[in-house]
Amino acid sequence: MKRSKRWPWARRARVGVAAAVAAIGAMAFGGGSAQAANQPFSATFDDGALNVGAVFDIVEPPDVATMTGTWNDNGSNAINVLANDFVFPPSTGEVTSGVTATVNFGAVDPITGTFDPATGTLSTTSSTYEASVSLNGTAPCVYDSDLSFTTDDTPGAPWPGDPFDPFPSNSTNVTATHGDIQTSWPASHWLKVSPTPDNCSIIDSLINGVPGGVAFANGLPDLTPPPPPETPTAIPPAPKKKKCKKAKKGSAQSAKKKKCKKKKK
């Protein structure tokens, strides 16, 4: 019996069907797991402190700074936060007597890094941040700097880092709580990117004069606690008055006693 002739197009059709089935399987399993790998990630910071030689509170309740993005659970622990999704509330405070500064701080680039679920450690890669400082409502002085944040301790940093609470590796909503991230920089680290208003000299002397740093915390004691109340100066006790001693009449001591009585009058 002669074998029936197999047409080339029939073989190609079977290969095509097999490829289609494989693609559907990949979408159902591989593609689905890829989508599941990115879980929502967020961090809310209820405390922020800046050190530029002097220390300033830049986030205080009820104001908070927030960071929202994604966390990858495929073993890389990668986090990704778009620049606009790091939201920092404006902060106002007195820089020197009679000079009030309003500070806006934000990310220029996306924030990337890792967040380890087992230890709560968070680290970001170096990316550009921007600080806009306005003095007494005048034109802002704008500065850029490349910074990387970490929950680790860095020698010489104004504040130590503190890992956040660990979370289950199968969590579907990853939130960083009870910890802080910090960064620091050497003197003359910030680059001015705005025109140079005359009033920027005050900020220049603060930002670029000495090493500094910044930290953002959640659920921890105040990063910049108020100074203890001053101990009032002790008032020295009044000197004791000398008592007049009794003496015999006609003696030298008797004469002194008469003088003492005259002073009491």
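Just so it is clear, none of the values below were taken in a lab; they were calculated from the coordinates. Keep in mind that this is a model prediction, so the values were computed, not measured. When we count neighbours, we look across all protein chains shown, and the Cβ atoms used for this are built from the backbone with ideal geometry, even at glycine.
Compared with the alpha-carbon gap, the fully stretched path from SER76 to THR92 is longer by 1.9 nm at 0.36 nm per residue. Taking packing as the residue-averaged number of other Cβ atoms within 10 angstrom, the listed peptides 116-124, 90-98, 43-51 run from highest to lowest as 43-51, 116-124, 90-98.
Expressed in nm to one decimal, what extension gain is obtained for the pair VAL99 and SER171 from 0.36 nm per residue of sequence separation less their Cα-Cα distance?
Numbers: separation 72, 0.36 × 72 = 25.92 nm, distance 4.74 nm.
This chain segment gains 21.2 nm when fully extended.
Across the options GLY161, SER171, THR138, the greatest Cα extent toward the positive end of the charge dipole of segment 110-221 (unit charges at beta carbon of Lys, Arg, Asp, Glu) belongs to THR138.
Take the Cα radius of gyration of segment 151-213 and divide it by 2.2 N^0.38 Å, N being the number of residues; the result is 1.66. Counting only Cα atoms, segment 50-154 measures 53, 26, 24 Å along its principal axes, largest extent leading.
Taking the average, over residues, of other Cβ atoms within 10 Å as the packing measure, peptides 181-194, 208-221 rank 208-221, 181-194 from highest down.
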